[in-house]
Amino acid sequence: MTASRLGQKEFSRRRRQLLRMIGRGGAAVLPAAPVRLRNRDVEYPYRQDSDFYYLTGFAEPDAVAVLIPGRGHAEYILFCRERDPARETWDGPRAGQEGAVAQFGADDAFPIDDIDDILPGLLESCERVYHTMGIHPEFDSRVIGWVNTLRNRGGGTQVPQEFVSLDHLLHDMRLFKSRSEQAAMRRSAKIGVAAHLRAMRSVRPGMMEYEIEAEFLHEFRRHGAEPSYQPIVGGGGNACVLHYIANDARLEDGDLLLIDAGCELDYYACDITRTMPVNGRFSEAQRAIYDIVLEAHQAAIAQVQPGNHWNDPHDAAVRVVTRGLKRLGLLEGTLAALIRDEACKRFFMHKTGHWLGMDVHDVGDYRVEEHARQLEPGMVMTIEPGIYIPDGLRGVPKRWQGIGVRIEDDVVVTRDGHEVLTDGVPVDADEIEAVMAAGLAAGRSAGKAA
């Protein structure tokens, strides 16, 4: 069992911050993610709960973290599995209670099997229990049961009188990425960039979508990363299905290919989308749509500035897309009226981005007191405008149908502007064609050498 590359100082800093926010009289209780069965006795690959890992750096299942500000003996207590040589032969090493303290910074640690006997006593004299309700219903019942155990003891035992949602405090912390977190996201983005370049050089007519997906999986795993979500590899009309994941169709000459794929390293995700011509050359119609999306992408990124608001990048993208579609005759009316009526939603039906971090769609409020949230340094977001014109769309000339384009990058808000973490993958159409041409030439050379 190894600790995170972020280092224990980072996790300790987070716990201290949360302890201060909770204050004396409070106690936070967080469970690890449960193991899930895929089918019969085969488990899904285990991935720790993001909130739990954010505070502990502990990646094992069957664990509970407890934070009690001001508790003299131990403010951070970790319940986890005991060492078990027989089970470790099958499943790999465990930290055990000694490892929880020595490697993962717990002040004290107990066997998870003893939690029903110990945890109620830890909550005694606490006024408030901070817990995220509704994510793990079975665990919710256990938390209520521990409080009821105290209540049933009688004899003047002080029982917590209030359950407080932990989400607001913890998720606001997670919204602002520290230097260490930003460095982790740069490492993840670097791998994602390499994977997209690899795929861009590999695309050929006649390939299957899953062959391109395999290029991503190869590049991710060779660097110790995992997919941060199911890759979207959609050729032709499949690019117009926003969450297309079948990835089982043939790539046809003359079609576009939209690839939305990212990886996770050290629990931090990247999220990148590029669109390219299968045969290496954009048609006139494809280039017209692509250039509108690219202009919207650039306009949106320019709005990622401290002091601007969450909706400013989207508003900028909508204006560019609406103007572009009007110019092509796909929308009719005055620009002001089209924007007011959200006419472009027929072709651009999603927001221009989302928070990014440990989760691909990361935590954090988008609105505060009914107003769009102001952007501040340390926030990380995606910028991903798109235009989707599926086959058979009524009232749309045939030449535009079957074209789906999205461009997505990961952007950090900095003190004086922004940093694009994923700008190593070209977005200019001419540059994409050049990369694909170089890949085709390299493939031909390799074929001749063989």
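Just so you know, all these numbers are worked out from the coordinates, no wet-lab data involved. Source: prediction; values computed, not measured. Virtual Cβ from ideal backbone geometry, glycine too; neighbours counted across all protein chains shown.
Ordering 263-271, 169-177 by mean Cβ neighbour count within 10 Å, with the highest value first, yields 263-271, 169-177.
Extents of region 294-336, taken as max minus min of Cα coordinates on every principal axis and listed largest first, are 36, 20, 9 Å. Stretching the chain fully between D117 and H243 yields a gain of 40.8 nm (0.36 nm per residue, less the alpha carbon separation). The Cα center of region 286-348 and the Cα center of region 172-200 differ in position by 27 Å. For the chain, relative contact order (Cα pairs under 8 Å, six or more residues apart, normalised by length) works out to 13 percent. Its residue count N fixes a reference of 2.2 N^0.38 Å for region 288-407, and the Cα radius of gyration divided by that reference is 1.12. The label point for D253 and the one for S12, both projected 7 Å from the Cα toward the Cβ, are 6.4 nm apart.
From the Cα trace of the chain, what convex hull volume per residue do you get, rounded to a whole Å³? Can you show the working numbers first?
On the way: hull volume 82.2 nm³, N = 450.
Measuring per residue, one finds 183 Å³ for the Cα hull of the chain.
Under the convention that each Lys and Arg Cβ holds +1 and each Asp and Glu Cβ holds -1, the size of the dipole of region 8-174 around its Cα centre is about 520 debye. Ranked for footprinting exposure by Cβ neighbours inside 10 Å, fewest first, T322, T334 give T334, T322.
Tell me which lysines have Cα within less than 29 Å of K9's Cα, excluding those fewer than 8 residues away on the same chain? Straight-line reach from K9, under 29 Å: K177, K190. Each label point was placed 7 Å from the Cα along the Cα-to-Cβ direction; for R20 and R40 their separation is 5.4 nm. For the pair region 222-270 / region 358-414, the C-alpha centres are spaced 16 Å from each other.
Applying 1/(1 + (r/R0)^6) with R0 = 22 Å to the Cβ-Cβ distance of D91 and R142 gives a FRET efficiency near 0.40. If R0 is taken as 25 Å, the Cβ-Cβ distance between M133 and E369 corresponds to a FRET efficiency of 0.60.
When shorter helices are ignored and each DSSP H run of at least 4 residues is given -39500 (n - 2.57), the per-residue value for the chain at 222 nm works out to -12000 deg cm²/dmol. Only the Cβ atoms of Lys and Arg (+1) and of Asp and Glu (-1) were treated as charged; on that basis the dipole of region 176-449 about its Cα centre amounts to roughly 640 debye. Treating each Cα of region 224-265 as one equal point scatterer and applying the Debye formula with no solvent, the log10 of I(q)/I(0) at q = 0.19 Å⁻¹ comes out as -0.55. For region 217-346, the spread of Cα coordinates along the three principal axes comes to 51, 43, 22 Å, biggest extent given first. Remark: C-alpha extents of region 127-196 on the principal axes read 63, 24, 14 Å, sorted largest to smallest.
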